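Here's the structure, in structure tokens; my notes come after.
The values are calculated or read from the model by the stated rules, or taken from the named source; none is laboratory data. Quick caveat: nothing in here was measured; it's all calculated off a predicted structure. Cβ placement follows ideal geometry from the backbone for every residue including glycine, while neighbour counts extend to all protein chains displayed.
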Amino acid sequence: MLARAMTEPGDAVPGGRRAQRAWTLITGGGGVSDEALLADFFAGNSRAFGELVSRHQRLVHALVRRYVSRPEDAADLAQAAFLRAFAAVRRSLGRQGGTQTGLFRAWLVRIAVNVGKNHARDIGRWRFESAEVLAEAPAAGPDAVALLERAEQRRRVRAAMACLSARQREVVTLRVDGGLAFKEVAAALRITENNAKVHFHHAVRRLKAAMEGEEG
Amino acid sequence: MSAPNFTHCAEMEALLAERASGPLEAADAAALSRHLLGCAPCQAAAGHWETLFSLVALAPPTLKEEAALRDLPARTLLAWRLREDRFRRLPALVAAGLLAAAAVVFVLWHSPQQAVGGSAPLAMAVETPSAAEAEWTLDGTSSELDDVDAAEPASEDATLDDGLALEGDGAFFLGDSG
């Protein structure tokens, strides 16, 4: 399984390592809910802001990376997504006096996807490169055949990805890049969970056929 | 090249694909784990599915991206504070703009009254046509003359009569007809 640790509390809390350790003690190392941290932040505790960003930054970064042409732009898009999510939550707090559990993460994912899509629309680009494009250099020797075979599979899978509908591609990449559950994928794309699964399995059928040797 | 076999037990294929791409529901994950313990072909198929999704995945973040990620909480907080400062200053900026606009309106509003009182009218007030301009106007077509008649007082008396009505309306101040 493509295991990805998307929640890494305490990556970088403003205020230095000592402050970070103290904050970890206060929060129990991630045991505090997002909503409690939000309330804490809007009450004036800026450390809660850092904790929230640290907690979700890998997820948001992974989601927006697919939409940037230069890797260094991903951090800028992630920042934009966080700012919009905080502003949206504050508006919600103002209207309703509170947020539901899990709502911040759901909004953050949706906003990150939209920020990424808007950026991609502006620059007209979507990334197909797989994990090993840069890692695998042409080689000779006993592994050369395996590498060539893998390079050929990758070419076919990329071609098949390019032929998927935009929705199918989004569902697959939200699963693969963000490690999102189908429920979260559905919420991010504003479709039903069943619909997300249908898109996923249609896409997977084509990707599988491409890897088995049929052109996508 | 031999084609990878993704399917041995057809009922497990969907779960194998879902598990290789992301999290499963707890019940599905448990059922699949139990099945995989006793099914070697499905274990091999699970490996093929993982290979497939590794071809879809992006490369891991570079060192530069990791460095940018480490800075993200601090720089996002800074950006938030700058944004908040802008929002806090916005009402003051709007109020200052409104005050400035009100001051300009006030000055324009009161200048014509000063002109009626004897001081020189504002340069932007409409000027009465000079004699040469009047001649040119008279040379115009009848419709042009009608327009002029409609827009301007026909006599000195009319100007004076209208002067009361026009008093205080700087935008339509006709100035000294002298």
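Quick notes
- The set of residues in segment A:56-75 that are under 15 Å from B:ARG70 (Cβ atoms) and in a helix (DSSP H, G or I) comprises A:HIS56, A:GLN57, A:ARG58, A:VAL60, A:HIS61, A:ALA74, A:ALA75.
- Residue among A:ARG175, A:ARG150 that alone is modelled with pLDDT under 95 and either closer than 22 Å to B:ALA27 by Cβ or of a type in the set (Lys, Arg) (or both): A:ARG150
- Selection of segment B:44-83 for residues being under 25 Å from B:ALA20 (Cα atoms), at the interface with another protein chain (Cβ under 7 Å from one of its Cβ atoms) and either assigned to a helix (DSSP H, G or I) or in contact (Cβ under 8 Å) with a residue 24 or more places away in the chain (or both) yields B:GLU50, B:LEU52, B:PHE53, B:SER54, B:LEU55, B:VAL56.
- Verdict on A:GLU132 being at pLDDT below 90, closer than 24 Å to B:ARG19 by Cα and more than 7 Å from chain B (Cβ to nearest Cβ): yes
- Condition check for B:LEU24: of a type in the set (A, V, I, L, M, F, W, C) and either part of a helix (DSSP H, G or I) or in contact (Cβ under 8 Å) with a residue 40 or more places away in the chain (or both): no
- Among the residues of segment A:169-186, those that are more than 7 Å from chain B (Cβ to nearest Cβ) and either in a loop (DSSP other than H, G, I, E, B) or buried (at least 21 other Cβ atoms within 10 Å of the Cβ) (or both) comprise A:GLU170, A:VAL171, A:THR173, A:LEU174, A:GLY178, A:PHE182, A:GLU184, A:VAL185.
- Of everything in segment B:1-23 that is surrounded by fewer than 23 Cβ atoms within 10 Å (Cβ to Cβ) and of a type in the set (D, E, K, R), the residue that is modelled with the highest pLDDT is B:ARG19.
- Residue selected from segment B:47-58 under the condition hydrophobic (A, V, I, L, M, F, W, C) and surrounded by fewer than 21 Cβ atoms within 10 Å (Cβ to Cβ), by the criterion nearest to the chain's Cα centre (by Cα): B:LEU58
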